[in-house]
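Novice: A single structure is presented below for examination.
The values are calculated or read from the model by the stated rules, or taken from the named source; none is laboratory data. Note that the coordinates shown come from a computational prediction; the quantities given were computed from them, not determined experimentally. Cβ placement follows ideal geometry from the backbone for every residue including glycine, while neighbour counts extend to all protein chains displayed.
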Amino acid sequence: MYDYVRMRLGTKKILLLAMLFGALGSCAELVANPTYQKKCAGCHGPNAEGKAVLMIKTTPLNQAAAKSDAELTYIIGNGIPKTKMKGFGGKLSAEQIPNLVSEIKVLK
């Protein structure tokens, strides 16, 4: 069956479809997280795709997923100076930040 599908679609299209469905599936857990919806989706988009509004462009979180756990934890907690990314250290619990970090890392 696989050979028939590969012959009809081509290897590149199969890989593209696999990547697309894999990305959508791994994103589901993050975007279903109420903390993400309440604190992150306004800037990073409802599906973690990033947003560009006026002069502000936010990073798609699949790109941020390449950062280390420590970097993401620091950024979420403290923000990024001279950007619109504010810190949430005082607004999120000790469990919420690591949960967001682990869900972002799955997007890599």
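Novice: Quick check on my filter: what residues within the stretch 46-99 are in a helix (DSSP H, G or I), touching a residue at least 24 places away in the same chain (Cβ under 8 Å) and not polar (S, T, N, Q)?
Specialist: Leu61, Ala64, Asp69, Leu72, Ile76, Ile97, Pro98
Novice: Next question, about the same structure. Which one of the conditions (1) touching a Pro at 6+ places or on another chain (Cβ under 9 Å); (2) of a type outside the set (Val, Ile, Thr); (3) surrounded by fewer than 18 Cβ atoms within 10 Å (Cβ to Cβ); (4) at pLDDT below 90 does Leu107 fail to meet, given that it meets all the rest?
Specialist: (3)
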